1. Using alpha carbons only, how many degrees (0 to 90, rounded to 10) separate the axis of helix A:431-449 from the longest principal axis of chain A?
2. Quick one: P(r) of the stretch A:234-279 from all Cα-Cα pairs, 5 Å bins, percents rounded to integers, in order of increasing distance.
3. Please report, for A:Glu335, the nm distances (one decimal) from its label point, 7 Å out from Cα along the beta-carbon direction, to the equivalent points in the remaining copies, shortest first.
4. Which angle from 0 to 90°, rounded to the nearest 10, does the C-alpha axis of helix A:341-351 make with the longest principal axis of chain A?
5. Inside 10 Å of the C-beta atoms of A:416-427, what's the mean count of C-beta atoms belonging to other chains?
6. Quick one: check the C-alpha center-to-center distance for the stretch A:433-464 versus the stretch A:477-551, whole angstrom.
7. Report the extension gain between A:Glu34 and A:Glu483 in nm, rounded to one decimal, defined as 0.36 nm multiplied by the number of residues separating them, less their alpha carbon distance.
8. Size of the stretch A:79-194 along its principal axes in angstrom, Cα-based, largest extent first?
Protein chains: 2
Amino acid sequence: MKKSPLQRVRSEYQPKLPKALQGPVKVKIGEATESVADQEEIKKLFPHTYGMPIVQFEASNEPEHVEEPFNVGIILSGGQAPGGHNVVSGIFDGLKRLNKENRLYGFLMGPSGFIKHQYMELTAGYIKEYRNTGGFDIIGSGRTKLETPEQFEEGLKILKELNIKALVIIGGDDSNTNAAVLAEYYQNIGAGVQVIGVPKTIDGDLKNKWIETSFGFDTACKVYSEVIGNIQRDCNSAKKYYHFVKLMGRSASHIALECALETQPNVCLISEEVLAKRMTLDNIVSYLCYVISERAKLGWNFGTVLVPEGLIEFIPSMKDLISELNDVLAAHSNEFEGLDEMDKLRAIHAKLSPTNADLFKSLPKHIALQLSLDRDSHGNVQVSLIETESLLSEMVKKRLEEMRENGQYSGKFNAQHHFFGYEGRCADPTNFDADYTYALGFNAAMLINAGLTGYMSSVRNLTEKSEYWIAGGIPITMMMNMEKRHGHMKPVIQKALVNLNGKPYLKFASMRETLALNTLYQYPGPIQYFGPAEVCDRPSMTLLLEHDKEV
Amino acid sequence: MKKSPLQRVRSEYQPKLPKALQGPVKVKIGEATESVADQEEIKKLFPHTYGMPIVQFEASNEPEHVEEPFNVGIILSGGQAPGGHNVVSGIFDGLKRLNKENRLYGFLMGPSGFIKHQYMELTAGYIKEYRNTGGFDIIGSGRTKLETPEQFEEGLKILKELNIKALVIIGGDDSNTNAAVLAEYYQNIGAGVQVIGVPKTIDGDLKNKWIETSFGFDTACKVYSEVIGNIQRDCNSAKKYYHFVKLMGRSASHIALECALETQPNVCLISEEVLAKRMTLDNIVSYLCYVISERAKLGWNFGTVLVPEGLIEFIPSMKDLISELNDVLAAHSNEFEGLDEMDKLRAIHAKLSPTNADLFKSLPKHIALQLSLDRDSHGNVQVSLIETESLLSEMVKKRLEEMRENGQYSGKFNAQHHFFGYEGRCADPTNFDADYTYALGFNAAMLINAGLTGYMSSVRNLTEKSEYWIAGGIPITMMMNMEKRHGHMKPVIQKALVNLNGKPYLKFASMRETLALNTLYQYPGPIQYFGPAEVCDRPSMTLLLEHDKEV
């Protein structure tokens, strides 16, 4: 692999560690914990790993106690997030500091490599090639869910074969939930294997009091903000387009919100607000048309609109429509076969309840087709394939024409569409994410050495300089509650949606009207690695605001 | 305007000037010139500005001669390109060095501001806000063409009113052609106004022996290469998608080629090659399917394909089809009115010649509709609206299914689509573009002071350190030839398409097979401003290769 000039220089970057991890550590044990809700049920489901204490590492004057050399396995689970490679190198360096004989194995292409016994040993020379780089290509990732005893037993075989003492699972909320289940399982059967989770997801929805942010969120949002800023500068130079920008983030709108705080677009839709206010598609279109027509009065026929990817599933009426469509398509699929597009749409329309039929009819044809065609293997519509950004712009265009006929609008409306997701998931990590992930990995090695299982690697106090970061472990069961999944109540880590009483949202909401009716774009520019700290090391606005910092 | 942390630091950057421009200059006059072709016709059309010498500035020990304070006007013409603001600040600083009383006026929103007398004075405090930033928002840009005597006369009124001695037009090949026509016109009527052009376009197609590159190309390509690199890292981590990336650049494929050299995708199509080899759409689809099926044999069902925006107009058979469609739609538009989509396609199909009818029928329906619906005000299809990236991926998908039935393919094919254009046109300029544009602007001020008109600002030797850059002026007529435009022969600056015998293309062609059947992606990462020179100051690969430099 030939490296780019930036990569060559960047590979020499030494990520900063919290003071406590810079030398030997001692373990400070906290109080016993409880889950955030449904304590009785969760305690019953996790008899061996429930109620464990929070632990924190402190600098020690004595070397760590290491019984004998041990081996560790790692799995990268789910979607890519910037910094994954530094988690791996952090674990590696932590293990080697404990004992040069310790070994690290990577399971290939996610949990499936664990089950199928596909792995490689990660050596110093191999890891060197991946330090401070984006991507999960060091061992690959995958979406296989690790949840059945059969899988756990299959995996245990290779763990035993490789003499692995602990497994580190780097993943989002679901993967960490499964890590807790696996930890409990191995504890229950006395397998002698620890399981440690590491909080990853660009979506930013794996966070709570103890996990201040998931890794990758910072970098991904900065890449998206860079290109949104560039588009806004173009928008404000050409003054002739409305740019509709859809942003990855299927359930939560953290990414859209962070990008809005960074770039100050004219509009940013927040799914959680749409749901809380029970807004309809019509409400959203009306709001957009209000902003566009008011800006037109000021002579501005241009603007920017950020749209979270998961929006339409948060619009209650759309959710109802999609749900009925799922049923209708499942029940009548053979009747629709062979029909041409228009006939199919008419046939579906005829089967819908009156409210949903009206909504279905109001949609642009290609969107109605997307909703009618694409089902995943579970029979659900694949929302990521719905072009929400063009759905909105087309409905806005139509409404504006009606307004024009009524004399309420006399501007020009031309739209451009963008979707940013893959552009940010594998970017080279910012200094923040490079340091954070390296610390998370290094810390995971210390958790293993402390003999812990069912813990998530936790590095906190992230708005301070990295030397003051607090490193330790949180029992995963502590973050759990019971939720319905596929019709059954299951113990899961609570997902953090955008908090409508939280500072990031409130900050945005306080600016919203001003941003809509002015042109106050900000242009964050590209991620910098070598400049002054205020440019290179600044964490996300979301994190700063959540911790009452100035932004 | 609240600035981002990067912008605050970056605004302090002092662009580097060639040694010759760092103090007083003297003018070195070269030999008389000739146009690149059609000398007789062009001489006849430009009796006052044809044959002028190339000039070059050299450092002088004596202060420049400046008669008395003078005023200058500027116009930003056409699409945005990174660095436009530094051209403005370079002119400003150049004028102020000559005489503190000199003034600079900007015409608003492109040539239309000149004709409509909309302008503002550009003062030190205002310009300060825009130094080293992307965008053309300092005065706005526009696409009005400056080509009629009525416009020239209308503009002259405001020039006289503001006592403007020279007009600087910052634009692409067409705008610079018009600058030459305007220079000749004002010279002919003795208007006493000089006209100077500055070579701008991200497309990279305004270049020749004297203009080594147009400004903005470097930055735009680096932004696109950053996000393409990120996508490639994702592609190589997830190993499940083919990413089709369409890149801006309507006529030439310089952007796609530069990005291919920077990122090493599996495939990059080059329009100029398609034209030269008279490739059909079928040829292109076959090549893509060859690469995809060969990669599938290696177990790789993922890859990246770069597609230049203007591709389909370079496919001879598609060009024929589009041309006939233009005629058919113009002649029969009323017959097609009110028909539904399928009927319209059938009706159009029936009117096409047999070859074009077959090709039309082979296209995915939504592409056929795009080709049938969208006409610009001149009755031409708007090629930028054709989703070439999905046209290709859909035809590939279909072909692969046929190959599967014949046992020639047994992989998986899933595509993602991207289009990058607006993301790069207004990015903050790289150090290269920041320096180059500042030098072009500063140099333009010196050309004005030298009393020249009909010249393009030329800064050369760009692969060397900026102090060794050569600054001067080139008569625009020198770059001209006669070409047919809208049915008439006109004098125009020769557009530089990708040279299939040039080093950049040959370098790519030499790697092409290897890149297709391996996974050798490069990840350039984000533009850096503060790091080591090899990271921050490196010009484009195209420029380096064209000047026989190592890459």
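1. 40
2. Reading the bins upward from 0: 5, 18, 25, 22, 16, 8, 4, 1.
3. Shortest to longest, the spacings are 3.9 nm.
4. With both axes taken from Cα atoms, the answer is about 90 degrees.
5. Values: counts 3, 1, 6, 4, 3, 4, 12, 10, 4, 6, 11, 10.
Neighbouring Cβ atoms belonging to other protein chains average 6 per residue here.
6. With the stretch A:433-464 and the stretch A:477-551 each reduced to a Cα centre, they are spaced 22 Å.
7. Numbers: separation 449, 0.36 × 449 = 161.64 nm, distance 1.68 nm.
Separation in residues times 0.36 nm, less the Cα-Cα distance, equals 160.0 nm.
8. Here the spans come out as 37, 31, 21 Å, largest first.
Coordinate-derived values only; no laboratory data. As the structure is a computational prediction, the values presented were derived from the model and not from experiment. Don't worry about glycine lacking a Cβ; one is built from the backbone with ideal geometry, like all the others, and counts go over all protein chains shown.
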